[in-house]
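Below: one structure, written as structure tokens.
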Amino acid sequence: MSMTRKTKKRGMQILVYALLIFGSVLCLMPLFWMIRSSLMTNVEIFMVPIHWIPEKFRWENYKEVFTTLPFLKYYANSLKLVFFVVTGAVITSSLCAYGLARIDWGGRNIVFSCIMGSMMLPAAVTIIPTFLMFRKIGLTNSLIPLIIPAWLGGGAFYIFLLRQFFLSIPKDMDEAAYIDGANHFQIYCRIILPLTKPALVVVGMFAFMNTWNDFLGPLIYLNSDDKYTVALGLQLFIGSYRAEWQLMMAAACLVVIPAIIVFMLGQRYLIEGITMTGVKG
């Protein structure tokens with residue numbers, strides 16, 4: 001009986017691993033298609049029967065990406081935008097979360113409820129009034145409208161994420177710091193931030209991914225080609241009469257690299273940072 005049970009358990013494990021491997025292959029297939037297409041000619045990409053491996057690896061496609069368009073400029077614009085947005089989101093959302101989690105003041109719960117309620121508001125509702133506001137003060141056709149919101153709280157989701165993490169830290173630490181003469185800003189910098197590194201990394205990763213992949217925001221506010229981000233630069237490889245698919249795939253590979261690097265560097269904090277937000281001390 002025990003052998004039969006062990007056999008069934010082993011069979012279930014094999015089935016689970018097989019399903020996981022199959023699912024992983026399906027998830028990686030678009031990435032593989034993008035890489036193989038970036039090393040082919042435009043004609044070879046759509047040949048039937050499908051050529052899974054290029055007959056000749058055209059590494060010059062990656063060089064043509066930078067000669068066809070000022071893609072290096074787009075890359076620099078995106079990196080600059082990401083730096084200011086991630087920095088602003090981490091700093092301001094952590095400050096807001098600290099005020100909501102560690103300081104007792106009248107109306108705190110009402111304010112937090114309003115912040116949570118704003119998450120239910122579709123982003124499309126605020127696009128037009130926000131654009132009109134920035135156009136009225138003359139900040140369009142620049143990266144500033146894309147940066148300013150990150151320095152005004154970072155976002156409701158980031159505030160919620162950090163607030164829940166801050167609540168998991170015992171308040172005894174705050175009281176001990178008060179006795180030693182520390183103020184709120186010192187407690188925030190010297191106690192709270194070092195203990196919430198996983199959550200801060202998660203916020204930084206989310207802010208990076210949302211900004212790096214953002215297409216609609218730059219499309220609305222940027223008019224000059226020299227201010228474009230990589231998300232806008234990719235669509236320039238598709239013209240009215242011809243699409244340079246091999247160059248677009250090569251450029252897409254270059255765009256994916258920073259996202260992969262960020263994920264690999266922060267993956268060990270990702271699960272910890274998210275799971276700990278549900279624990280309240």
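The values are calculated or read from the model by the stated rules, or taken from the named source; none is laboratory data. Treat the numbers as computed from the prediction; the structure is a model and nothing was measured. Because the Cβ atoms are built from the backbone with ideal geometry, glycine has one as well, and the counts that use them run over all protein chains shown.
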Inset, instruction - Only residues that are free of Cβ contacts under 8 Å to residues at least 40 places away in the same chain and of a type outside the set (Ser, Thr, Tyr): list them for segment 61-78, please. - result: 63, 66, 72, 76
Legend entry - Check on residue 228, aromatic (Phe, Trp, Tyr) and either modelled with pLDDT of 90 or more or closer than 19 Å to residue 72 by Cα (or both): yes
Legend entry - Checking residue 29 against (1) under 25 Å from residue 244 (Cβ atoms); (2) in contact (Cβ under 8 Å) with a residue 40 or more places away in the chain; (3) not polar (S, T, N, Q), the condition it does not meet: (2)
Inset, instruction - Go over the candidates 123, 177, 150, 101 one by one and state the one that is of a type outside the set (Asp, Glu), surrounded by 15 or more Cβ atoms within 10 Å (Cβ to Cβ) and within 21 Å of the chain's Cα centre (by Cα). - result: 150
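Does residue 254 meet the test of being modelled with pLDDT under 85 and on the phi < 0 side of the Ramachandran plot?
no
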Inset, instruction - Return yes or no: is residue 40 surrounded by 10 or more Cβ atoms within 10 Å (Cβ to Cβ), out of contact with any His (no Cβ under 8 Å at 6 or more places or on another chain) and not in a helix (DSSP H, G or I)? - result: no
Inset, instruction - Could you tell me whether any residue of segment 58-69 is assigned by TED's automatic domain parsing to the domain that holds residue 177 and either small (Gly, Ala, Ser) or within 22 Å of residue 206 (Cα to Cα) (or both)? - result: no
Inset, instruction - Consider residue 55 carefully, then state whether it is assigned to a loop (DSSP other than H, G, I, E, B), over 25 Å from the mean Cα position of the chain (by Cα) and either closer than 30 Å to residue 162 by Cα or outside the structural domain of residue 174 (by TED's automatic domain parsing) (or both). - result: yes
Inset, instruction - Might you let me know whether segment 97-106 holds any residue that is at pLDDT below 90, in the same structural domain as residue 195 (by TED's automatic domain parsing) and acidic (Asp, Glu)? - result: yes
Legend entry - Any hit, segment 107-120, residues being touching a residue at least 60 places away in the same chain (Cβ under 8 Å) and either under 15 Å from residue 162 (Cα atoms) or not aromatic (Phe, Trp, Tyr) (or both): no
